[in-house]
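Input: a single structure, listed below in structure tokens.
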Amino acid sequence: MFKSFNVGMQVHPHDIKFEGADAVIDNMQRLGAVTTVYPICNYIEERQPPRNSEFPHNPIRKVYHTKGGLYFEPHLEYYKKSVLKPQRTPDVDLKDFDALGAITDSAKENGMRVLAWILSLTDSILAYRYTKYSMVDVYGKKVSGWLCPSYPEVRSYVSRLIEDIVTSYRVDGIFFDRFRFPEWAGYGKGFDPAFTCFCKECSSRAKRNGINLSKTRKAMKRIADSVKENRIPEIISKFHNYRKGSLDLAKIFVDMPELSEWINHRQDIITDFVSEAYKSVKDINPELEFSLDLWPPSYSWLLGQDYQKLRKYCDSLKFFSYHKLGGGEDMKAMFQELENLNPNLEISSLLNLFYRFFGFSGPNNLDELGEKGLAIDFVLEETLKALEETKEEVEVYPGIQIWDVTPEEVKEAVSKCFEGHVDGIVAFCYGWATLENIKTFGDAIRELR
């Protein structure tokens with residue numbers, strides 16, 4: 001659609017600032033065979049791998065913790081009709097630096113494409129200032145750091161942000177990220193945020209669509225309470241002892257129509273939000289690419305991201321098939337959180353159940369899961385699912401992990417993507433990866449294309 005094969009790499013503003021845009025572009029292009037740069041325009045502080053948290057080739061800073069906000073100077077004329085106003089980053093090193101402008105200029109001089117990477121619902125600075133528009137969990141608490149897309153004010157701001165970027169910078173499109181409902185709060189913060197959203201706008205939407213959100217809320221609260229009240233071991237025991245078939249899982253949805261209704265309700269909210277963002281881009285220039293950053297298809301649908309619905313409102317999509325972080329570190333942290341809430345939990349039983357539910361394979365203890373992650377076949381299996389659900393209507397770019405893995409794992413992940421006959425690959429991420437891994441990524445691409 002846009003190119004013969006897309007080789008992308010995501011990059012953060014501190015990389016651009018401390019290494020210099022020209023050096024970043026040179027490493028990406030010469031070593032990594034990159035054709036499309038994905039620079040972040042706003043950010044949140046993400047967990048870095050606990051074992052290897054230092055930047056391996058940054059000459060100025062070995063560790064950097066972002067505070068969020070915009071990493072370019074917003075043009076305020078675009079936000080006159082927006083209730084939410086753009087918030088520049090308070091980061092001392094970055095608040096006066098136009099990271100987007102610097103990397104875009106360098107990329108264009110070297111014949112590369114640029115997809116501006118924006119976080120739509122989790123800009124921490126913006127969410128903190130406009131808590132009125134926060135998501136609300138099943139217990140009535142605001143979800144910290146998450147704006148709800150049901151609010152017209154949130155959708156309007158995102159449209160203005162898109163207009164600002166594609167009009168003010170020489171970008172080739174938008175890379176749309178963080179448009180979903182939260183999975184869990186993170187280390188030590190529990191699972192309440194996963195049971196969202198029950199804000200007034202979501203409730204009004206449900207009522208208009210004939211959904212009894214009050215009944216749904218009761219059902220979701222029962223599930224949330226089972227996590228908090230140490231009933232997970234009982235549930236695991238039931239599935240291990242006599243709920244062993246796939247039809248047993250299907251029966252849950254048959255017996256709980258409000259659960260299916262709630263999942264579809266959330267998917268429709270997210271799909272409508274994405275469709276407005278897509279329209280904002282295409283109204284300005286139909287030739288611009290609108291690309292989505294998605295969770296893997298095995299569980300994206302639980303967070304509001306349905307590939308079959310979303311394929312109508314994008315030109316391409318990347319999903320992260322990070323077998324070691326998403327399938328290792330993050331899963332380990334989630335299971336440890338469950339263990340904290342449920343002292344009698346048998347982790348091996350939970351892991352086995354998890355693998356059975358999702359069809360994954362991996363180690364049977366947490367330490368090994370955190371160290372090795374899921375089996376590398378996770379990359380290919382999620383790729384095949386994504387291709388099946390998009391039906392060749394959009395271009396598919398698997399996202400692979402190139403940091404905190406060996407060069408051999410990088411090469412194998414690239415190879416697994418090519419087995420799926422994809423339209424491109426996106427590597428995450430520049431600053432965390434060694435130059436050796438970036439080169440291995442590029443060499444594998446050149447060899448297999």
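In this structure, the amide hydrogen of L70, modeled 1.01 Å from its nitrogen in the peptide plane, lies closer than 5 angstrom to those of Q87, R88, T89, counting only residues at least 5 positions away or on a different chain. Using R0 = 22 Å, the C-beta based FRET efficiency linking R243 and D377 works out to 0.25.
With 0.36 nm allotted per residue and the present C-alpha distance subtracted, the K80-S144 stretch has 20.4 nm of extension available. Each of N344 and S275 was given a label point 7 Å from its Cα along the Cα-to-Cβ line. The distance between the two points is 4.8 nm. Peptides 292-301, 344-353 ordered by packing proxy, namely the average of other Cβ atoms within 10 Å per residue, highest first: 292-301, 344-353. Need one number: the % of Cα-Cα pairs in the range 244-399 sitting beyond the 27 Å mark. The share of Cα pairs beyond 27 Å in the range 244-399 comes to 35 percent. Spread over its residues, the convex hull of the C-alpha atoms of the range 14-103 is 117 Å³ per residue. How high is the FRET efficiency between L435 and D367 when r is their beta carbon distance and R₀ equals 41 Å, given to the nearest 0.05? Step by step, r from the Cβ atoms, then E = 0.90.
Computed from the mean reciprocal separation of all distinct C-alpha pairs, what Kirkwood hydrodynamic radius does the chain have, in Å? Result for the chain, one decimal place: 22.6 Å. What is the extension gain from R30 to F358, computed as 0.36 nm multiplied by their sequence separation minus the C-alpha to C-alpha distance, in nm to one decimal? Stretched fully, the R30-F358 segment lengthens by 114.2 nm.
The gain in end-to-end length when the K228 to Q308 segment is fully stretched comes to 25.5 nm, 0.36 nm per residue minus the alpha carbon separation. Charging the Cβ of each Asp and Glu at -1 and of each Lys and Arg at +1, and nothing else, the dipole of the chain about its Cα centre rounds to 1740 debye. The phi-based Karplus calculation (6.51 cos²θ - 1.76 cosθ + 1.60; θ = phi - 60°) puts the 3J(HN,Hα) values of the range 441-447 at 4, x, 4, 5, 4, 4, 5 Hz, whole numbers, x for Gly and Pro. Calculated from the alpha-carbon coordinates, the range 53-168 shows an Rg and a Dmax of 16.2, 52 Å respectively.
Note down the nm distance, to one decimal, between modelled labels 7 Å out along Cα→Cβ at E393 and at L448. The modelled label-to-label distance comes out at 2.7 nm. The string of couplings for the range 207-217 from the Karplus curve (6.51, -1.76, 1.60, θ = phi - 60°) is 4, 4, 9, x, 9, 7, 5, 5, 5, 4, 4 Hz, one whole number per residue in order, with x for Gly and Pro.
As a calculated quantity, the FRET efficiency between K215 and R129 at R0 = 41 Å, using C-beta atoms, amounts to about 0.75. Pairs of C-alpha atoms in the range 192-241 farther apart than 15 Å represent 56 percent of all such pairs. Near the amide H of V136, within less than 5 Å, lie the amide hydrogens of V143, F198, C199, all on another chain or at least 5 residues away, with H placed in the peptide plane.
The alpha carbon convex hull volume per residue for the range 297-372 rounds to 97 Å³. Label reach from D255 (point 7 Å along Cα→C-beta): in the range 214-228, amide nitrogens under 18 Å belong to 216, 218-227.
Since every read-out is calculated from the coordinates, none of them should be taken as a lab result. In this text the structure is predicted, and so the values were computed from the model without any measurement. Because the Cβ atoms are built from the backbone with ideal geometry, glycine has one as well, and the counts that use them run over all protein chains shown.
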